[in-house]
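*Asks:* Below you will find the structure I want to go over with you.
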Amino acid sequence: MTDKISKCCTCGYEWQTGQHGGHSCADKLSTRISALESNFSQITENMAHILLNNISLKDTDLFKEMLKLKNSIYEYNTKL
Ligand SMILES: [Zn+2]
């Protein structure tokens, strides 16, 4: 008896080695994409919130870096 885990390197699906590992990568990938999309939206919202509430940091490098990050996440979201 072994409890080694096999993993699909395309979609990340895991199953017990030796067991039937049949699955649809497309299904798993679309589930992962949905999860990533909602994570990204959440991060963007949180960042916007932080930036709006810390407007006094506006001229600091931290603020500029966060703004850059927020914009690149936003661009990524709109390209999907
Ligand atoms: Zn797969």
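The values are calculated or read from the model by the stated rules, or taken from the named source; none is laboratory data. Please read all numbers here as calculations on a predicted model, not as lab measurements. Positions of Cβ are generated from backbone atoms using ideal geometry, with glycine treated the same way; all protein chains shown enter the neighbour counts.
*Asks:* Of (1) at pLDDT 80 or above; (2) out of contact with any helix residue (DSSP H, G or I) (no Cβ under 9 Å at 6 or more places or on another chain), residue 79 satisfies all except one. Which?
*Replies:* Single failed check for residue 79: (1).
*Asks:* Only residues in the range 5-25 that are touching a residue at least 12 places away in the same chain (Cβ under 8 Å) and within 8 Å of the ligand (Cβ to nearest atom) count as the first member; pair them with residues that are of a type in the set (Ser, Thr, Tyr) and in a loop (DSSP other than H, G, I, E, B), Cβ under 9 angstrom, at least 6 apart or cross-chain, and list the lot.
*Replies:* Here the result reads 11/24; 13/24; 23/13; 25/10; 25/13, each pair linking the range 5-25 to a residue that is of a type in the set (Ser, Thr, Tyr) and in a loop (DSSP other than H, G, I, E, B).
*Asks:* Can I ask one more? Modelled with pLDDT of 95 or more and either in a loop (DSSP other than H, G, I, E, B) or within 16 Å of the ligand (Cβ to nearest atom) (or both): is that true of residue 30 in this structure?
*Replies:* The answer is no for residue 30.
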